[in-house]
Amino acid sequence: MTMFKINIDGKEIEAPKGSNLLEVARQNGIDIPTLCHDPRLEPFGSCRLCLVEVDGARGPVQSCGTTVFDGMVVKTNTEKTQALRRTALELLLAEHNGDCLAPCQMTCPAHIDIQGFVALIANDQVKEANKLIKETLPLPGSVGRVCPRFCEKECRRQLVDEPIQICWLKRYAGDNDLVDGEPFVPQPKPDTGKKIAVIGGGPAGLSAAYYLALEGHQITIFEARGGLGGFTRYGIPEYRLPKAELDKEIKLITDLCKDVQLNKTLGQDFTIDSLKEQGFDAIFIGIGAWSNTKLKVEGEDMEGVTSGIEFLEKVTDDKNIAVPARVAVIGGGNTAMDACRTAVRLGSKEVSCIYRRSRSEMPANPHEVHQAEEEGVKFELLTAPVGFVGENGKATGIKCVKMVLGEPDASGRRRPVPVEGSDFVVAADMVILAVGQSPDVSGLGDKVGLNRWKCVDVNPKTMQTHVPGVFSAGDCQTGAATVVEAIGGARKAAVAINQYLNGEPVIGLAEPFNVARGKSVKEVDPAYLGEREKLAKAEIPTLSAEKRKSNFLEYELGFSAEAAKNEAMRCLSCSCLDVNTCKLRKYSTDFKADLNKLGTGEYQHPILTDHPFITRDPNKCILCANCVRICNEVMDVTALGLVNRGSETVVLPTLMKPLAETKCESCGQCISTCPTGALLNKPGLSKPGPFITEAVASACVNCSIGCEINVNVIGNQVVEITSPINSINDGNLCKKGTFAYSDIYSADRLTSPKVAKNGALADVGWDEALKAAAQTLQEVKGSAAVLVSPKYTNEEISLAAKLGSTLGGAFGTVPVANGAILKTNGKSASYDDIVNSNLIVAVNVDLAADFPIVAQKVRKALGRGVKLALVGTGNDKFASLASNKFASAGDAKELGSMVKDAGNAVVLVSADSISKADLDLVNGLAGAKVIALSAAGNIKGQLDAGIKVEAGDYDKLLADINSGAVKGLLILGDTSEIDARLFKNGVKTVVVATAAGNVPAQASVVLPGATFIESLGSFVNSEGRVRKAVQAIMPPSGKDNQQILKELAASLS
């Protein structure tokens, strides 16, 4: 082989003559961006992202269509190529319509993957939901109770009916994680030896501590008060946030820290400088905003006038403090509502809330305002305090003036204007000011800079102050805000601190490219949602006002599992399900594509869900035509095509039919080659993601080819099955490989054992079922048989064979015509031999219909000029491509000489249907390599274990059942393989199956089995290679097949 020396980005490389430049770069760890290149297809060059500069070329060239030459010098990442790629991306985005992320996530200050965790709750994976939330928010139960629901205001479900109850679902996930005594705590990275001081133990400080501790740093928290939690402890009442629940979540954080020092105040007990002197490598400031904002009116210093935060903090420490009969609260935010409702609970008979704007302008959560009103709080709206009245230095009332709303101010709210002559007095024995808070920065000294609002000044991307190594977030940096905003800022700071400590450029949290159908829900065209059923939202169980207003017990009681699942199912799944792997988004991020230049496309096409396994969204299509080409060139199906011209071009099925009504084989190849979210699989889950999955490398056992697969899972559920490009099947899969896994979620999936009782199968526990199974088989020992599925692993088959030797014999559930063809005595071929052969002989096997992955290998070989000879019927798709066709084995007398002349021939046969004449023909083809294919995946493993797999053996078993010679059966198999003819003549049966399906009612015992995705072991494919089956998820019953067989064997003995 001639090798060329080339240079790519300064790296000297040797590459075979005729090699594709883009592939050579990939093989040598150099990533040239591309949206349209797929090694399974001939280069097409439609996206123009793979442009590179080659010395001597007239201009940039497409690397996907360029062949290497000796002495070639290539530059892949120049200013010119970056600019060209950016322009190419912006042109593609100008026709692209969709949402990278759901609007709820985009709106959330903590950037929680809301659609992801809601989907996990819908899929009964609540632990995984909590894990996902904690990636960006460490206090889900607490924040779920008190969050002001920014996300719900942008929830597009309101275009149909009402927003999703996102925050209650977040609370449900957080609370659920704490009930079983095994809360989720991520494994921290190894100790870095770096020390970080976190000043302030509120939501910001706790969050910074959590994320930095997980990075392996040593965290010490300094808190001025006697308890951690900050505003969540001292500013939010017990009835909204029980401190016992808060403490559980805080403990999970402090357990990760090196030290927690309470009652330590910045500026009194330590300073920024003293912390540095103690050896702290970085400092985080999260001291909150605890100074009350003054009204600056006459009489404000009278006795009986206090601040909202001071009042709530006192009640936190002592819930029995006395309050007078008349209490007035000034302000319209959540703190004001908390103060009003707390005063009610402490026994005040008349509580008034004074607010200078109208109810619709109140910043408090409308939910809180409504509940305060239910509890008897009176609202004096459009009322502004202008002073206080009192006697003997003690306040007795508030001087007020009526207001009207004028023009909007800087906040967008209409400015209140006094009404002349409207003065009046609101009587009150206690006045609580809740008009805002500001940070107390006196302890910072002059080291850390402040902004014009007297808050800590930081770089908004990195949260770093003017002092290197000192960072800040939360209310002391933003001014008084919300818990979720403090947490979002703290996580940004934690990322930057980690970069600082690791010696990396301090750039802060990465901001991936995002495109949206509208900046707010008001800008979104509801047409893209199509017809949606209106579903009432789940209401949180709530104590009545009468029951709750006299105590501090939590009154909103949380969702049940059923209510949470139902509410989660209402989610519209707005985010692109391909967001985590979309190449268009990745490269738009990498090359800083600018949406302001050309904009984005408009919604033009309905989202198509007319196929059982595939969803199509033409609005996201970039017209690379990969799906059309792979369907045609690799699968030889032509179910898809390009319709119209120019900007009107769209990919549609043949004759614009529903995809399921075309020749589509449901292989999913179109999905595998799509670079965007235009083509997606429909997972067999209640609710799709998007999910960041774990890829479990395994192999498919749905036929004997043994394709390499990645089982992509989240938690204990399969999201999709894909295949690596560099595999024996070249990344290609058929329908069974791609979608057969969805059976694990079928409605009749067996999840618990059953035993016959009173003429019907009844659910029982494992101990009772195994005992009953052993007793049943003992009764027929010596006159029973074991039938085992070829989808079982070698290890499972071996256990079955041992049971068979005890009970009376072992048989395959899927008999083959002639097992002898599977024993090729060293003549077995590999799949690569097909492509590299000079002659392929297919004997009575319909490759395209039954073994499409091998059919692809044959097509590839034919493209090289390899000759094809067909023997027998079938293979209609290859008939026109064959150089020789023989009606039967008897007519194929010249095959022997053809094989001899070829010198490198491969014979393909089906063990399932081969006749004796076909077998004699194949055995007579001296020098040919043979690949015996079977729909029975581990048929070779069964033969090696001594299982009787031939049709004659199976027929004799049926005869013995009918005659009464066989009185009992242990059937281990896929439900679809269970033969009704086995259940005759009163035979006693123990069945291990995955689904109820064909299991007859007269079975004695039914044990829930595991699919191959839920099994660990190995099997032998048609090449004779041992393939590994890796347990990707646990079966729903809790026991895999090996466990069942071992425990059954133990019970029998």
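Derivation of every value follows stated rules applied to the coordinates shown; laboratory data play no part. The structure displayed is predicted, hence computed values, not measured ones. Quick reminder, even Gly has a Cβ in these numbers, built from the backbone with ideal geometry, and neighbours come from all protein chains shown.
Numbers below:
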{"quantity": "Relative contact order [Cα under 8 Å, 6+ residues apart], the range 259-391, whole percent", "calculated": "22"}
{"quantity": "All lysines inside 25 Å of residue 877 as judged from Cα atoms, apart from same-chain residues fewer than 8 positions distant", "calculated": "657, 663, 735, 736, 857, 860, 867, 885, 893, 929"}
{"quantity": "Shape of the range 828-927, Cα gyration tensor, a/c cut at 1.5", "calculated": "rounded"}
{"quantity": "Sorted by Cβ density within 10 Å, fewest first, the residues 9, 31", "calculated": "31, 9"}
{"quantity": "Cβ-Cβ FRET estimate between residue 70 and residue 1028, R0 fixed at 45 Å, reported to 0.05", "calculated": "0.60"}
{"quantity": "Distance violations [Cα-Cα > 31 Å] among 565/1039; 134/597; 17/80", "calculated": "134/597"}
{"quantity": "Normalised contact order of the chain, rounded percent, pairs of Cα under 8 Å and 6 or more residues apart", "calculated": "10"}
{"quantity": "Calculated FRET value between residue 904 and residue 956, using beta carbons and R₀ = 25 Å, to 0.05", "calculated": "0.05"}
{"quantity": "Kirkwood Rh and Cα Rg combined as Rg over Rh, evaluated for the chain", "calculated": "1.05"}
{"quantity": "Ranked 466, 37, 611, criterion: other C-beta atoms within 10 Å, fewest first", "calculated": "466, 611, 37"}
{"quantity": "Residue 745-residue 529 FRET efficiency (beta carbon distance; Förster radius 35 Å; 0.05 resolution)", "calculated": "0.85"}
{"quantity": "Whole-number percent relative contact order across the range 828-927, with pairs defined as alpha carbons under 8 Å at least 6 apart", "calculated": "35"}
{"quantity": "Estimated [θ] at 222 nm from DSSP helical runs (n ≥ 4, -39500 (n - 2.57)) normalised by residues in the chain, nearest 500", "calculated": "-8000 deg cm²/dmol"}
{"quantity": "Dipole magnitude of the chain, debye to nearest 20 (Cβ charges: Lys/Arg +1, Asp/Glu -1, about Cα centre)", "calculated": "1140"}
{"quantity": "Close Lys-Lys pairs in the range 381-534, where close means Cα under 26 Å and separation is 8 or more or interchain", "calculated": "9"}
{"quantity": "Proximal charge balance of residue 921 [Cβ under 11 Å; K/R count +1, D/E count -1]", "calculated": "-1"}
{"quantity": "Summed side-chain charge close to residue 570 - residues other than residue 570 whose Cβ falls under 9 Å, Lys, Arg +1, Asp, Glu -1", "calculated": "-1"}
{"quantity": "Share antiparallel - DSSP beta bridges, the chain, percent rounded to 5", "calculated": "45"}
{"quantity": "For 133, 834, order by how many other beta-carbon atoms lie within 10 Å, fewest first", "calculated": "834, 133"}
{"quantity": "Distant alpha-carbon pairs in the range 933-1053 (separation over 20 angstrom), percent", "calculated": "51"}
{"quantity": "Convex hull projection area averaged over all views, the range 293-436, Cα basis, nm²", "calculated": "8.4"}
{"quantity": "Equivalent ellipsoid dimensions for the range 3-93 as semi-axes, Å, which come from the Cα gyration tensor, largest first", "calculated": "21, 15, 11"}
